[in-house]
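A short worksheet on the structure shown next.
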Amino acid sequence: MADNKKIEIFTNILQRNDQIAELTQMQMTEQGLLSINVMGAPGAGKTSVILSLIKEMTEMKAYVIEGDIESDIDTKKLREQGIETIQINTHGACHLDAPTLAAALQDLRPLQEGVIFIENIGNLVCPAEFQIGEHIKMLVVTVTEGSDKPYKYPLAFEKADIIILNKIDLLPYVDFDENYFMAGVRGLNPEVLVAKVTAKQNMGIKEVAKWIENKTTLISQELYL
Ligand SMILES: Nc1nc2c(ncn2[C@@H]2O[C@H](COP(=O)(O)OP(=O)(O)O)[C@@H](O)[C@H]2O)c(=O)[nH]1
Ligand SMILES: [Mg+2]
């Protein structure tokens with residue numbers, strides 16, 4: 001009996017979350033704003049990838065929502081580069097949810113057409129379970145994390161619309177097995193684009209920026225509605 005109740009409450013919370021996420025996504029589509037949920041482990045390079053992508057996409061208005069358990073370190077870094085950024089601190093929660101994002105978006109209005117990156121809490125587990133209002137899930141992983149991560153954290157890899165394999169510059173120093181990694185990814189998500197990137201040196205960033213720009217044209221045609 002107790003177990004039944006637990007399941008019911010959790011289902012209700014998820015349903016409410018998903019309803020708000022759907023509404024946020026529709027509002028973003030109407031505004032011509034592509035929303036990207038950036039997920040990955042702490043230190044994978046989420047902020048570095050976002051920063052180098054925004055520098056590359058000079059023609060496009062870009063916003064960032066920074067999710068961290070504590071601190072506004074990344075927000076300050078982005079604001080120093082002139083990027084409109086809002087900080088969310090979850091004070092312990094391991095992922096962002098749709099109501100939290102919807103509230104933070106109020107602080108960014110009015111919004112112009114373009115792209116909004118939402119950096120989720122550094123974690124390979126919980127963020128993949130919650131829709132927040134994104135059109136696209138971008139997963140940032142690194143060669144330093146090891147090639148077994150798709151096997152150990154399948155949901156994040158399964159749900160990703162694009163996977164950034166970051167810190168390629170460090171390949172000579174680690175035992176990353178690319179074939180093993182790719183076999184794991186393809187088993188979960190056969191079509192996903194896996195982009196090899198060194199965010200720190202802007203390597204591979206142009207290809208990802210082009211992919212995002214193509215997705216924004218789908219938004220302008222309201223194909224995500
Ligand atoms: N060697 C190397 N270091 C990187 C690269 N991208 C990010 N870093 C470093 O990794 C650390 C974490 O990066 P950050 O963007 O803050 O990761 P986040 O926690 O996922 O947002 C920082 O010291 C970055 O300078 C890369 O392509 N190569
Ligand atoms: Mg960060």
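The values are calculated or read from the model by the stated rules, or taken from the named source; none is laboratory data. On a predicted model such as this, the values are computed, not experimentally measured, just so you know. Cβ sites come from the backbone with ideal geometry, for glycine too, and all protein chains shown count toward neighbours.
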Scanning for something at pLDDT below 95, surrounded by fewer than 14 Cβ atoms within 10 Å (Cβ to Cβ) and more than 13 Å from ligand 1 (Cβ to nearest atom), does the range 24-39 turn up at least one residue? yes
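Which residues, taken from the range 33-54, are under 14 Å from Lys167 (Cβ atoms) and either in contact with a Ser or Thr (Cβ under 6 Å, 6 or more places away or on another chain) or basic (Lys, Arg) (or both)?
The initial filter retains those residues of the range 33-54 that are under 14 Å from Lys167 (Cβ atoms), namely 40-49, 52.
Selection gives Ala44, Lys46.
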Just checking, how many residues over the range 48-71 are without any contact (Cβ under 8 Å) to a residue 40 or more places away in the chain and either in a strand (DSSP E or B) or within 11 Å of ligand 2 (Cβ to nearest atom) (or both)? 1
What's the total number of residues in the range 137-196 that are farther than 24 Å from Leu53 by Cα, among the polar types (S, T, N, Q) and surrounded by 18 or more Cβ atoms within 10 Å (Cβ to Cβ)? 1
Restricting to the range 206-225, what's the tally of residues that are without any contact (Cβ under 8 Å) to a residue 40 or more places away in the chain and small (Gly, Ala, Ser)? 0
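Could you check, for the range 37-47, whether at least one of its residues is part of a strand (DSSP E or B), out of contact with any Asp or Glu (no Cβ under 6 Å at 6 or more places or on another chain), aliphatic (A, V, I, L, M) and within 16 Å of ligand 2 (Cβ to nearest atom)? It would help to see each step written out before you state the result.
Step one: filter the range 37-47 for residues part of a strand (DSSP E or B), giving 37-40.
Filter once more, so that each one left must be out of contact with any Asp or Glu (no Cβ under 6 Å at 6 or more places or on another chain): 39-40.
Still in the list and also aliphatic (A, V, I, L, M): 39.
Then drop every residue that is not within 16 Å of ligand 2 (Cβ to nearest atom), which leaves 39.
Checked against the condition, which is being part of a strand (DSSP E or B), out of contact with any Asp or Glu (no Cβ under 6 Å at 6 or more places or on another chain), aliphatic (A, V, I, L, M) and within 16 Å of ligand 2 (Cβ to nearest atom), the range 37-47 yields at least one hit.
Of all residues in the range 42-56 being more than 11 Å from the chain's Cα centre (by Cα) and of a type in the set (A, V, I, L, M), which is nearest to ligand 1 (Cβ to nearest atom)?
Initially, the range 42-56 is screened for residues more than 11 Å from the chain's Cα centre (by Cα), giving 42-45, 48, 51-56.
Still in the list and also of a type in the set (A, V, I, L, M): 44, 51, 53-54.
Numbers: Ala44: 4, Leu51: 8, Leu53: 12, Ile54: 13 Å.
Out of the qualifying residues, it is Ala44.
Just the residues that are under 20 Å from the mean Cα position of the chain (by Cα) and assigned to a loop (DSSP other than H, G, I, E, B), please, taken from the range 189-222.
Going residue by residue through the range 189-222, those that are under 20 Å from the mean Cα position of the chain (by Cα) are 189-200, 202-219.
Result: Asn189, Pro190, Glu191, Val192, Val197, Asn202, Gly204.
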The one condition in (1) at pLDDT below 95; (2) over 14 Å from Ile36 (Cα atoms) that Leu105 fails to fulfil: (2)
Flagged in the range 97-155 as aromatic (Phe, Trp, Tyr) and touching a His at 6+ places or on another chain (Cβ under 7 Å), in numbering order, are Phe130
Taking first residues from the range 185-205 that are modelled with pLDDT of 95 or more and second residues anywhere that are among the hydroxyl-bearing types (Ser, Thr, Tyr), the pairs with Cβ under 6 Å that are 6 or more apart or on different chains are Ala199/Ser48; Ala199/Ser52; Asn202/Ser52; Ile205/Ser52
Of the residues that make up the range 132-150, is at least one within 16 Å of ligand 1 (Cβ to nearest atom), farther than 27 Å from Glu191 by Cα and among the basic types (Lys, Arg)? no
For the range 73-89, the count of residues that are crowded, with 16+ Cβ neighbours inside 10 Å and either assigned to a loop (DSSP other than H, G, I, E, B) or of a type in the set (A, V, I, L, M, F, W, C) (or both) equals 4
Selection count, the range 107-125, where residues are farther than 30 Å from Tyr153 by Cβ and hydrophobic (A, V, I, L, M, F, W, C): 2
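Please tell me if Gln87 is within 14 Å of ligand 1 (Cβ to nearest atom), of a type outside the set (A, V, I, L, M, F, W, C) and free of Cβ contacts under 8 Å to residues at least 40 places away in the same chain. Spell out how you get there, then give the answer.
Values: within 14 Å of ligand 1 (Cβ to nearest atom): yes; of a type outside the set (A, V, I, L, M, F, W, C): yes; free of Cβ contacts under 8 Å to residues at least 40 places away in the same chain: yes.
Answer is yes for this residue.
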